[in-house]
């Protein structure tokens, strides 16, 4: 589907993103995997997440975190990146979109979860391969807006047996979808990501 190249403000920096206008007042911000390991908004899993939300009628905004691609600034270990998520949400609100969701893949899922521990408020959240074996998700993390978590059965960074016990704490009503045979990168399973997420 058509996505326009846009810029939005995050702190003192300009972020680059790709924006798709949907057919409702709902929109999703989609965040990418760790930039120090090659992650950016063009990642195939990020694109699959965007397609899932677009198919559901959402406007979507996927963007590069600070210091990635043409976005200003430098990598900030997930701290400044939380500010970038807020900037993306503010951009969508400025477009007149009233119901905002977040979805992130790997590092992006963690950044979104941490951003929601601050003043940021959204109406929905999904996570793809939250890297619980790689990054600390905090013992007392609560995510009442979480609806779904997607993981591969062979994912060593987001192992389902480590995610499952956390679901009751994050949000007992959320569903955990496990894609049999998929690893952290979902090679050969992108259609399943799109189908099961929203």
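Annotations
- Calculated over the stretch 150-198: convex hull of Cα atoms, volume per residue (Å³): 68
- Inter-site label distance for residue 95 and residue 70 at 7 Å from Cα along Cβ, in nm: 1.6
- The stretch 148-169 residues near the modelled residue 139 label - backbone nitrogen below 20 Å, point 7 Å along Cα→Cβ: 162-169
- The stretch 29-88 versus the stretch 114-135: alpha-carbon centroid distance in Å: 13
- Taking the average, over residues, of other Cβ atoms within 10 Å as the packing measure, peptides 37-46, 124-133, 148-157, 74-83 rank 124-133, 148-157, 37-46, 74-83 from highest down.
- Extension gain for residue 156 to residue 175 (0.36 nm times residue separation, less C-alpha to C-alpha distance): 4.8 nm.
- Neighbour counting of Cβ atoms within 10 Å sorts the residues 122, 111, fewest neighbours leading, into 122, 111.
- Residue-span extension gain [residue 23 to residue 121] - 0.36 nm each, minus C-alpha spacing: 33.0 nm
- For 19, 105, order by how many other beta-carbon atoms lie within 10 Å, fewest first: 19, 105
- Only one of [x] -0.42, -0.82, -0.95, -1.39; [y] -0.48, -0.85, -0.95, -1.25; [z] -0.70, -0.95, -1.00, -1.17 was calculated from the structure for log10 I(q)/I(0) by the Debye sum over Cα atoms at q = 0.11, 0.15, 0.16, 0.19 Å⁻¹, and its label is [x].
- DSSP bridge pairs, the stretch 4-197: antiparallel proportion in percent, nearest 5: 30
None of the figures in this text is laboratory data; all of them are computed from the coordinates on show. Being a predicted model, the structure only gives us computed values, none of them experimental. Here the Cβ is made from the backbone with ideal geometry for all residues, glycine too, and neighbour counts use every protein chain on show.
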